[in-house]
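Quick note: the coordinates plus some simple rules give every number you see, no bench work behind them. Remember, predicted model here, so these are calculated numbers, not experimental data. Backbone-built Cβ (ideal geometry, glycine too); neighbour counts: all protein chains shown.
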Amino acid sequence: MLLPLHRGISAWVSVDLAPAIGPGGLTAQAASSAVTPPSLRETARACGVSATAVYRYFPSQQALLLAVAGESLADLEAAVDEHGSAGAPPTDRLEALRAMAIAYATWAVANPGAYQLLFEGRDLLENPTTIDAGVDRLQGRLEDRLRGLPAGGRNETVQAELLWIALHGLVVTRIRKAHHAWRREVTEDALLLVDAFTA
């Protein structure tokens, strides 16, 4: 079912509430260009259920947003975790880093609403501690994969932060300019960034 996130803008998060509405059955995938939280009544209307059904599982808009953010974070972490090992030898670590960058960029572009909630909409969450911790874990994985690789004379932590910023900028640009005729796939650009930071 489609859950509108913003009136007047084509911003949607796909929410599967079957068989029962609840955090365990909530998944977020996106086709979005903005993050504005839906009301619980909008959620109910979009999902074709009564408002009381939504309130039974999500007592507030914050509870709904935290559930969507939590599910989205778990999905992103799972996508990234499928690729490589932090303790691999340096040559394998480079391939793991490249695979991680591809997974991150692919997931972000395929799930723009969820991505924007996690990385640009955290101020919508009253208590983003869990989400912040998850983002820190992702950045830590990036740093682990960079450890021991060429860093262009920079500190590995600084290198990881700069690569993280570059990857974020890449996917945000691709999300915001989804209709632009890009010369390369987002995955190609992600690999070019990794190569630039490990040359």
Taking just the C-alpha trace of region 91-147, give me its Rg and Dmax in Å. 13.0, 42
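Would you kindly calculate the mean projected area, averaged across all directions, of the convex hull enclosing the Cα atoms of region 42-199, in square nanometres?
Numbers: hull surface 42.5 nm².
Mean shadow area of the hull around the Cα atoms is 10.6 nm².
Using unit Cβ charges (K, R positive; D, E negative) and no other charged atoms, how large, in debye to the nearest 20, is the dipole of region 109-199 about its Cα centre?
300 debye
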By how many nm would the segment from residue 81 to residue 126 lengthen if fully extended, with 0.36 nm per residue of separation less the alpha-carbon distance? 13.4 nm
